Amino acid sequence: MDQRTVSIIIPVRNQPETLELLLAALDMQVCPEGWAIEVVCVDNNSTDHTAEVIHRHNAVYLLEMILGPSVARNTGAAASVGELLWFIDADAVPLGNDFVSRIIQTSEELGDFGGFGGPILLPDVQKNNPIAYADHMACWSAWNAWRPSGQSGFQPTSIVIPRAVFELVGGYDTKLRVLEDWDLQLRIEQSRQLTEGPDAPIRPIWFIESLAVAHSARGSLMRTLKHSWYWGLPSREGWLERSGVSAKYLERPVLRWLGLPRLFFGRAIHPLQTAWRVSRWRTVLCLPFILLTLFVWSIAVIVGKGQPEDNQIAPV
């Protein structure tokens with residue numbers, strides 16, 4: 001029987017500490033008989049010792065000089081050989097040494113799927129850091145531990161995609177530096193229509209509650225505010241309007257400013273509900289930070305337009 005492969009694609013720029021944790025966890029993965037694991041790290045022109053970290057582990061090292069997560073992920077996918085592509089961020093760690101086995105089992109159970117991922121959890125070592133707690137809830141609260149398995153419109157940080165589907169839609173759009181993963185998944189869901197006609201059903205993205213990863217949050221207020229600003233600037237055109245959200249107040253600058261309270265509080269409801277469910281005392285402690293983080297994002301949505309410039313580096 002021919003051996004099959006899961007290719008793990010990791011784009012990274014100047015994140016040696018979290019990458020070390022990820023690669024160490026991947027070194028420990030147990031692979032089912034008939035399958036192999038391939039780890040491909042794409043160094044997106046790091047200026048620190050990220051390359052040294054990669055070379056210490058069982059991973060393929062690639063250098064991509066053109067900045068941007070889309071470019072780095074496409075480079076990794078093109079160099080890989082697996083029929084399943086697992087894209088995971090360099091600041092995330094899979095929970096459990098049988099994670100790859102669960103990926104393979106899930107892919108066989110789903111059959112013809114667009115992609116799948118799971119919960120995104122705060123690492124235990126950061127749970128008592130109020131800024132990290134706020135950062136995590138502002139960004140990842142929708143992918144919580146209580147969310148049941150089912151179809152999901154968007155799966156960031158850790159997602160498995162069949163190579164055939166990835167190649168069918170042309171991979172990540174290299175013009176996008178923010179929300180590039182959401183754009184890819186929109187095209188994947190519609191990919192059946194490319195081959196079977198406009199009335200074909202979608203190829204869904206799935207949320208699988210057993211495939212949790214721990215994702216390191218930003219532990220300083222300046223880092224989390226910079227990230228919220230950077231992510232918020234293209235969100236109006238790249239996410240809210242494209243999603244078909246009924247938001248007439250976003251169409252004109254004056255109306256956008258008048259709609260700031262609605263945008264801010266609408267964005268804050270779910271993170272605060274999830275944070276409260278996880279820990280009431282932590283939520284009270286981090287409340288000023290989470291509200292400030294979401295307020296900065298809301299302002300960026302109002303004033304922002306389009307993608308960042310090519311010379312702008314995403315804050316990590």
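The values are calculated or read from the model by the stated rules, or taken from the named source; none is laboratory data. Quick caveat, the model's predicted, so the values are computed rather than measured. When we count neighbours, we look across all protein chains shown, and the Cβ atoms used for this are built from the backbone with ideal geometry, even at glycine.
Candidates are the residues of the stretch 265-277 that are closer than 12 Å to Ala134 by Cα and free of Cβ contacts under 8 Å to residues at least 60 places away in the same chain; the one that is surrounded by the fewest Cβ atoms within 10 Å (Cβ to Cβ) is Trp276. Glu33 meets the conditions (1) assigned to a helix (DSSP H, G or I); (2) within 28 Å of Glu108 (Cα to Cα); (3) free of Cβ contacts under 8 Å to residues at least 40 places away in the same chain in every case but one. The failed one is (1).
The set of residues in the stretch 286-311 that are of a type in the set (Phe, Trp, Tyr) and surrounded by 20 or more Cβ atoms within 10 Å (Cβ to Cβ) comprises Phe289, Trp297.
Across the stretch 111-148, the qualifying residues are those that are more than 13 Å from the chain's Cα centre (by Cα) and within 15 Å of Phe207 (Cβ to Cβ), and the one among them that is surrounded by the most Cβ atoms within 10 Å (Cβ to Cβ) is Gly114.
When the stretch 48-59 is filtered for residues that are out of contact with any Lys or Arg (no Cβ under 8 Å at 6 or more places or on another chain) and either within 20 Å of Phe154 (Cβ to Cβ) or crowded, with 19+ Cβ neighbours inside 10 Å (or both), the ones remaining, listed by number, are Val53, Ile54, Ala59.
For the residues Ile202, Ile299, the requirement of being within 22 Å of the chain's Cα centre (by Cα), of a type in the set (Val, Ile, Thr) and either modelled with pLDDT under 85 or farther than 21 Å from Ser70 by Cβ (or both) singles out Ile202. Among the residues of the stretch 50-64, the ones that are part of a loop (DSSP other than H, G, I, E, B) and modelled with pLDDT of 95 or more come to 4 in all.
Just checking, does the stretch 74-85 include any residue being more than 20 Å from Phe166 (Cβ to Cβ) and either in contact (Cβ under 8 Å) with a residue 60 or more places away in the chain or among the acidic types (Asp, Glu) (or both)? For the stretch 74-85, residues more than 20 Å from Phe166 (Cβ to Cβ) and either in contact (Cβ under 8 Å) with a residue 60 or more places away in the chain or among the acidic types (Asp, Glu) (or both): absent. Does any residue of the stretch 152-175 turn out to be closer than 24 Å to Phe99 by Cβ, of a type in the set (Lys, Arg) and in a helix (DSSP H, G or I)? Yes, some residue in the stretch 152-175 is closer than 24 Å to Phe99 by Cβ, of a type in the set (Lys, Arg) and in a helix (DSSP H, G or I).
State whether one or more residues within the stretch 74-81 are over 23 Å from Trp206 (Cα atoms), touching a Leu at 6+ places or on another chain (Cβ under 9 Å), modelled with pLDDT of 95 or more and among the hydroxyl-bearing types (Ser, Thr, Tyr). Yes - at least one qualifying residue is present in the stretch 74-81. Scanning the stretch 60-79 for residues that are in contact with a strand residue (DSSP E or B) (Cβ under 7 Å, 6 or more places away or on another chain), of a type in the set (Gly, Ala, Ser) and surrounded by 20 or more Cβ atoms within 10 Å (Cβ to Cβ) returns Ala72, Gly76, Ala77. Using the structure shown, decide if Pro16 is in contact with a His (Cβ under 6 Å, 6 or more places away or on another chain) and either over 28 Å from Gly150 (Cβ atoms) or not aromatic (Phe, Trp, Tyr) (or both). Criteria met by Pro16. Any residue at all in the stretch 102-110 that is touching a Lys or Arg at 6+ places or on another chain (Cβ under 7 Å), closer than 24 Å to Val30 by Cβ, in contact (Cβ under 8 Å) with a residue 40 or more places away in the chain and buried (at least 19 other Cβ atoms within 10 Å of the Cβ)? No.
Only one of the listed residues (Thr224, Thr283) is touching a Lys or Arg at 6+ places or on another chain (Cβ under 6 Å), buried (at least 16 other Cβ atoms within 10 Å of the Cβ) and modelled with pLDDT of 90 or more. That residue is Thr224. Considered as a group, the residues in the stretch 156-211 that are touching a Phe, Trp or Tyr at 6+ places or on another chain (Cβ under 9 Å) and acidic (Asp, Glu) include one that is nearest to Ile88 (Cα to Cα), and that residue is Asp181. Cβ-Cβ contacts under 8 Å between residues 6 or more apart (or on different chains), taken from a first residue in the stretch 175-197 that is farther than 28 Å from His227 by Cα to a second residue that is modelled with pLDDT under 90 and outside any helix (DSSP H, G or I), are listed as Arg192/Ala200; Arg192/Pro201; Gln193/Asp199; Gln193/Ala200.
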